[in-house]
Amino acid sequence: MDERQLIAAAQKGDIPAFETLVRRHHRTLYKFALGITRGNEHDAADILQEALIKAFLGIDRFEERSSFSSWLWRIIRNVFIDQVRLRGLETEPLDEEEGEAAREGTPEEQLLEQERRDHLLALVARLPEKHAEIVILVELMGLSYEEAAEYLDIPVGSVRSRLSRAREQLTELVEKNMELFGANKRPTG
């Protein structure tokens, strides 16, 4: 069956059709979840599992305005943002040098750095959806502007302008919430 046929079958309650769809995209979906959680395999697996449950329960609302995989990515992203808002997520740095630097500090410094990352993720989650999305794709996942444009199906110029606006908004949020990052310390992350 092609993807449209599988989607139609899944929308009628065909569980094996939905499972086939998920298997076709699982590697990419997991990679996306792993990217937005900055390498935390436990959180990525939890987010993916919750997103797939939501996708299955909501497949009847899929209208093919975007690709099936893009629809699933949005669900994963929304679950991630919800998790950041609700409980914060432990994240690991994507940059190996950043990770090594964090491991070199005292346990107290490592804990403070983790708290700063969590607070920053919570602030990202407070951005408007299109701005949070671009920060997640470019800053957390490390996608190029071209890759983010392709994923979002928007021009590269729109990626640049959204990211610029998102950074401005995030800077304002950080400045308004400096107490979250320690009195004399600038946030990293």
Problem - Residue count for segment 27-51, restricted to those that are surrounded by fewer than 21 Cβ atoms within 10 Å (Cβ to Cβ), part of a helix (DSSP H, G or I) and either in the same structural domain as ALA148 (by TED's automatic domain parsing) or of a type outside the set (Asp, Glu) (or both) - result: 9
Handout entry: Tabulated pairs, segment 64-75, first assigned by TED's automatic domain parsing to the domain that holds LYS54, second at pLDDT below 75 and of a type in the set (A, V, I, L, M), C-beta under 6 angstrom, 6+ apart or interchain
Key = none
Practice task
Please go through segment 146-166 and pick out each residue that is over 17 Å from SER70 (Cβ atoms) and within 16 Å of the chain's Cα centre (by Cα).
Solution key: LEU163, ALA166
Problem - Considering residues of segment 118-169 that are among the β-branched types (Val, Ile, Thr) and crowded, with 19+ Cβ neighbours inside 10 Å only, the residue modelled with the highest pLDDT - result: VAL159
Problem - Odd one out for VAL174 among (1) at pLDDT below 80; (2) surrounded by 15 or more Cβ atoms within 10 Å (Cβ to Cβ); (3) farther than 27 Å from THR28 by Cα - result: (1)
Completion exercise
Checked GLU19, GLU50, GLU97 against criteria (under 21 Å from LEU140 (Cβ atoms), at pLDDT 85 or above and not polar (S, T, N, Q)); the one match is GLU50
Practice task
Could you check, for segment 60-76, whether at least one of its residues is modelled with pLDDT of 85 or more, surrounded by fewer than 16 Cβ atoms within 10 Å (Cβ to Cβ) and either assigned to a helix (DSSP H, G or I) or aliphatic (A, V, I, L, M) (or both)?
Solution key: yes
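The values are calculated or read from the model by the stated rules, or taken from the named source; none is laboratory data. Please read these numbers as outputs of a predicted model, since none were measured by experiment. Cβ sites come from the backbone with ideal geometry, for glycine too, and all protein chains shown count toward neighbours.
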